[in-house]
1. Counting only helical runs of four or more DSSP H residues, what would the 222 nm mean residue ellipticity of the chain come to if each run contributes -39,500 (n - 2.57) and the total is spread over all its residues?
2. If I compute solvent accessible area with a 1.4 Å probe over the protein chains, what percent of it on the range 99-187 is carbon and sulfur?
3. Taking only the alpha-carbon positions of the chain and ignoring solvent, what does the Debye formula give for the base-10 log of I(q)/I(0) at q = 0.16 Å⁻¹?
4. So what is the accessible area of the chain per residue, in Å², with the probe set to 1.4 Å?
5. Using a Debye calculation, one point per C-alpha and no hydration shell, please list log10 I(q)/I(0) for the range 124-198 at q = 0.14, 0.15, 0.18, 0.22 Å⁻¹ in order.
6. Note down the magnitude of the dipole of the chain about its Cα centre, charges +1 on Lys and Arg C-beta and -1 on Asp and Glu C-beta and zero elsewhere, to the nearest 20 debye.
7. Using only protein heavy atoms and a 1.4 Å probe, report how much of residue 158 is accessible, in Å² to the nearest 10.
8. Return the ratio Rg/(2.2 N^0.38 Å) for the range 1-66, where Rg is computed over Cα atoms only.
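The values are calculated or read from the model by the stated rules, or taken from the named source; none is laboratory data. Predicted, not measured: the structure shown is a model, and the values here were computed from it. Note that we place each Cβ from the backbone using ideal geometry, even for glycine, and neighbour counts take in every protein chain shown. Surface areas here come from the heavy atoms of the whole protein model, side chains and all, with no ligands, DNA or RNA. Shrake-Rupley method; radii C 1.70, N 1.55, O 1.52, S 1.80 Å.
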Amino acid sequence: MRERFWEIDILRGVAVIAMVLYHFSYDLAYFVGLFDVGFFRSGVGLNTGRMIGGTFIFLAGLSLTLSYGRAVLSQPPGGTLFWKYLGRGLRIFSYGLLITLFTWIFVPNEMIVFGILHLIGASIVLAYPFLRLRLANVALGLICIAVGLYLRDFGTTHPWLAWMGIRPNFFMLDYWPIFPWFGVMLLGVFAGNALYGDVSKQATRTAPQAPLSRPLAFLGRHSLLVYFVHQPILIAALVLLGVARIA
């Protein structure tokens, strides 16, 4: 098993806890009626969710450079890594499609057309040509963000352009279009190359022994699993406690 970078796992673990708390707060508003669910759909509530999700996207880009650097060292002569990252991207994108199907069945008025798993899956494939770049990724990332800021003023009556950043005229529970968020992924790729460089020259480092470091690193290593199971567990707990209102 290759040495992991504990600081990345810990940062992702912190983001996982923030995500769970954020979604639990949303559940208390949506299912319990503890406060207005509209808080999460604009202003501070929406931007807090964007910060948490943006952290995952940035760390995904950073981690991609580490994975790529290690894969380059182990690939056979003349081999190509594109198919590896195409397969990985399609796998994560397919998880997003499962979320789309689930929300289409149970919450069709707020169906997730292009959520964070769709974005990360597509971005893994799109980022492949840029994984060796450094400063160029800063420029490309900022361009993607600028395009996203421009496109957000447009709207459409159908969801087919949602992936670009042209928002449909209905609310989605989770929405992370290519523009601007692929730009955040590219900034993460830049950070990975700038901070870690040649992973073959990275020395093994001992993880800190702080009480919370291991649980946080564990959550960070299993963030995708936590993403899938935490909401069903939270909602089931509210139902069992008899406080959730499920239509």
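1. Result for the chain, helices only: -21000 deg cm²/dmol.
2. 74
3. With no solvent term, the Cα-only Debye profile gives -1.29.
4. Averaged over the residues of the chain, the accessible area is 55 Å².
5. -0.49, -0.54, -0.71, -0.90
6. Charge dipole of the chain: 640 debye, to the nearest 20.
7. Rounded to the nearest 10, that gives 70 Å².
8. Values: Rg = 14.9 Å, N = 66, 2.2 N^0.38 = 10.8 Å.
My calculation over the Cα atoms of the range 1-66 gives 1.38.
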